[in-house]
Every structure is written in C-alpha cells, then in structure tokens.
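For reference, the structure discussed in these notes is given below.
The values are calculated or read from the model by the stated rules, or taken from the named source; none is laboratory data. This one's a predicted model, so the numbers in the text were calculated from it and none came from an experiment. Cβ placement follows ideal geometry from the backbone for every residue including glycine, while neighbour counts extend to all protein chains displayed. We work out accessible area using only protein heavy atoms, side chains counted, and drop any ligands, DNA or RNA first. Shrake-Rupley method; radii C 1.70, N 1.55, O 1.52, S 1.80 Å.
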Amino acid sequence: MGNFVQQISDRISIIASDRLWLEDAAVQQTKTTAALAGMQRVVGLPDLHPGRGYPVGAAFFSTGRLYPALVGNDIGCGMALWQTDILAGKAKLDKIDKQIGNLDDVIDEEEWAALERLDPSWPARIDALSASLAAAGVDLAPLRSLGTIGRGNHFAELQAIDAVEDEEVMGRTTLTRKCLQLLVHSGSRGLGQVILRAHVDAHSHAGLADGSPEAVAYLREHDAALQYAEVNRSLIAARIFHRLRCEAVRVLDVHHNTVTPACIDGQAGWLHRKGATPSDQGLVMLPGSRDDYSYLIEPVLSAGELSLHSLAHGAGRKWMRTDCKGRLDKLATPAQLSRTSMGGRVICNDRALIYEEAPQAYKNVDSVLGSLVGAGLVRVVSRSKPVLTYKTRGECC
C-alpha cells in the first residue's frame, strides 16, 4: 500500500502511485491549505489538480473552523446514476440525439405540465426546496435554472455496461447490461456561487469559527444548496426520460463538494470535500473523459480514514482550460471531437468548450482507478462506456 500513498508531510498525504502524474501547482496548493488555522489533515486523491487557490480532487479535515472556500462555488455538485429501460443493442444515436433536443433552455410551462403528469410529486418537491431556500435567506432566483446542466465539466451521459467484475454486488442493484444507464454530473448552478461570494466578501478566506452565527448561517445555506443540487440532477434526468419516452430507476446520488461534521482520529471537526466523492455512502461512480470508460466502484469501508472517507470523483484534469484549444485545434476539429473512438457521440455546440473538455485534457481514468485499488480503498464492480454525452447545444441560459 505504501507505493500508493505519498506522505508529503505529517498533515498531507496523496493517494497516488509513483507513476501517476501530478502537477506541482496542485501539490503546492495542498501545502497552502494545510497551513490554514485549525487544519489537521489534507488528502489529495489521484485526480488531484490545481483549483482557484485550493486544490480540486482533495479532502480537508479541520477543527475549530470551517472553510466555505474549500467547498467552492458549486456547493452540492455531484453525480447521480439511473438504470433505464432503453435496450443497449437497439439504441439509435441519431434518434436519441434528436429526441433529447435542447436541455440548455429553462423548463417552460408546457414541459412542467408534462413532467408533473409523469410524476405528480414534482410540485411538492419544488415547494419544499423553495421553503428551504427561503428559510436560509437565499435568493430564489436560481430556481429558474432548475433542470439545466451548466457548463464546465458538467454533463448528462447515456452509458452501456460492457464488463462486470463483481456479479454479487451487481446483483444487489437494479443495474443490467441489457439496457443503458444515465449518469448526470451537475450541481447547484449559480446558487453556490452566490453563497460563496457573499461569505468571501464578508470574511475573505479566513474561514468561520465553529458555532459562530456566521458559520451557522453558512451551513444553513450550504444545506439548502445540497437540496437544490439533488433536485437539479433529478430534474435533468426527468427531462431526458420524458423526451426519450423511457422508464428509469435511480441507483445512486452523491455530492462531491460539501462540508460536513465528522470525527477523525478521535477529533470532532469538519470534513471538506472539493471534487471528492464520499466513500461512506455506498456504491459510487468514477467517470472518465468523454472517450474513456467509467467505473462503478464499491468503497472499502475499513480503509476510510486513510483517505478521509473520500475518493476520486473522476479522471482529473491534465491540462488547463486555457491551453486546450491551442494544443488541439490543429489536431482535431470540433466535428471530430464530437465522435469518440468507442463509437459514442458528444453533443457540444460550444466551440471553446468542446476543446476544453476534450479527452486529451484529462488523465486516463484507469491510472486513477489503479491508485484507488492499489491503496486498498475500492473494489471494481462494473465498467461502462459512453454512448451519448450531452454538454450543451450552444449558449447556456
């Protein structure tokens, strides 16, 4: 296991093999974060890469103070997986592409009515979310963006299971190789940005004292944003299922940008995750790039404290967004990047974004997975390949 855990200092460890490439800037950001007041431990995961001042693909445990900036501006960003009844062998990409249409547009009255006919619980769920936002003192304007994916690395992707490693664990789920799955990666949209901006403007990056009125207020807003993000992923999926005229069952939904109370090494404190999937909430997905596999993995609970009960949330960026177009525009056109080597399709009509999110900009997901397995943190359940990935039809709302 030692070859898969790099001990940077007594407070910093990185789960990565000796051969896994890590940016020096990301490692330096773990050191900066470890120096924050009350910070006890920082764990970088195999998808570690630099963020805006703090690393992404990492977990942080502090006592006495919590840090909204470590959660970031997309509170509640996460992934949810559904099993559909679309037969994998009969899926026609041209037809699915046309049926899905434009998911960038906000939901209009006609679509809301259709969704409510299919699931009469939607009005109550939206009312509950509105009440939570109002109780937290959060502006209700972001409700308008519910059901939209957003930009950056967010996506909705139809996948097909092509290999099963653990039939017993698969048998305890509703997953089947016969039909496609839908994986949705999105968060709280503009709401998290509004919450973070207000706290950074008021308190800079000094964090919030445990139990202070400011910390209590932030946590109330944070929890409302988590609720927003979960509803948002469900609503994105509902729009897709309605358009594809299919049935589906949710398999999992986890956040990977959060701060929660935790007890680590006998100390009570705050566990921050920034681009880190929880390892204590059951099965999780480890997605690759748009032209790479995704894996359903089972966390090994007994190894949780090694990684602050956290796992990689994806392949992790290899290139900065600003570098991608210059590296690739002479090698591939947007049309070429919209087709994958696995026979899949990418819906992304934004010329800049399709380069920023190109497979070449990400690490190989098998190298990330190998570090998690090598460190004894996970077991592989199944592997999936991308069939159709929705990013954007053009300008987002």
In the neighbourhood of Thr260 defined by beta carbon distances under 11 Å, the net charge of the other residues (Lys, Arg +1; Asp, Glu -1) is -1
Would you pull out the residues with amide H under 5 Å of Leu388's amide H, same chain only if 5 or more places away, H placed 1.01 Å from N? Leu158, Arg345
In the stretch 279-397 the DSSP beta bridges are antiparallel at a rate, in percent to nearest 5, of 75 percent
Which of Val42, Leu118, Cys77, positive extreme of dipole for the stretch 39-152 (C-beta unit charges): Val42
Report, in debye and to the nearest 20, how large the dipole of the stretch 294-397 comes out about its Cα centre when Lys and Arg carry +1 and Asp and Glu carry -1 on their Cβ. 380 debye
Based on the mean of other Cβ atoms within 10 Å per residue, sort peptides 57-64, 99-106, 265-272, 348-355 so the most packed one is first. 57-64, 348-355, 265-272, 99-106
Under 8 Å for C-alpha pairs, at least 6 residues apart: give me the relative contact order for the stretch 258-373, rounded to a whole percent. 27 percent
At 1.4 Å probe size, with the rest of the protein present, what percent of the exposed accessible area of the chain is carbon and sulfur atoms? 51 percent
Dipole magnitude (debye, nearest 20) for the chain, charges at Cβ of Lys, Arg, Asp, Glu: 920 debye
Could you go through the stretch 111-117 in sequence order and give the Karplus-derived ³J(HN,Hα) for each residue, using 6.51 cos²θ - 1.76 cosθ + 1.60 with θ = phi - 60°, rounded to whole Hz, and x for Gly and Pro? 5, 4, 4, 5, 5, 5, 5
Signed unit charges on C-beta, dipole axis of the chain, positive-most listed residue Leu301, Ser212, Ala312: Ala312
Reachable lysines, given that their alpha-carbon falls under 30 Å from the alpha-carbon of Lys330 and they are not under 8 places away in the same chain: Lys98, Lys318, Lys363, Lys385, Lys391
Under the Kirkwood approximation applied to all pairs of distinct alpha-carbon atoms, what is the hydrodynamic radius of the stretch 240-293 in Å? 14.3 Å
Cα point-scatterer Debye curve for the stretch 205-248, base-10 log of I(q)/I(0) at q = 0.25 Å⁻¹: -0.84
Can you tell me which of 283-291, 196-204, 325-333, 29-37 comes out highest on packing, and rank the rest after it, using the mean Cβ neighbours within 10 Å? 283-291, 29-37, 196-204, 325-333
Can you tell me which of 8-20, 232-244 comes out highest on packing, and rank the rest after it, using the mean Cβ neighbours within 10 Å? 232-244, 8-20
How high is the relative contact order of the stretch 93-228, in percent, with contacts defined as C-alpha pairs under 8 Å that are six or more residues apart? 27 percent
Do you know the relative contact order of the stretch 67-153, to the nearest whole percent, from alpha carbon pairs under 8 angstrom that are 6+ apart? 34 percent
Let's test the formula: R0 of 22 Å, r as the Cβ-Cβ distance of Ala25 and Asn3. What FRET efficiency results, to the nearest 0.05? 0.40
Using the Karplus curve 6.51 cos²θ - 1.76 cosθ + 1.60 with θ = phi - 60°, what ³J(HN,Hα) values do you get for each residue of the stretch 12-21, in whole Hz, with x for Gly and Pro? 10, 9, 10, 7, 6, 6, 5, 8, 7, 6
Please state the charge dipole magnitude for the stretch 318-364, taken about the Cα centre, from unit charges on C-beta atoms (+1 on K and R, -1 on D and E), reported in debye and rounded to the nearest 20. 120 debye
For Gln336 and Glu298, what is the calculated FRET efficiency with R₀ set at 51 Å and r taken between the beta-carbons, to the nearest 0.05? 0.90
Going residue by residue through the stretch 172-189, the Karplus relation 6.51 cos²θ - 1.76 cosθ + 1.60 with θ = phi - 60° gives ³J(HN,Hα) values, rounded to whole Hz and with x marking Gly or Pro, of 8, 10, 9, 6, 9, 6, 5, 10, 6, 10, 10, 10, 10, 10, 7, x, 8, 6
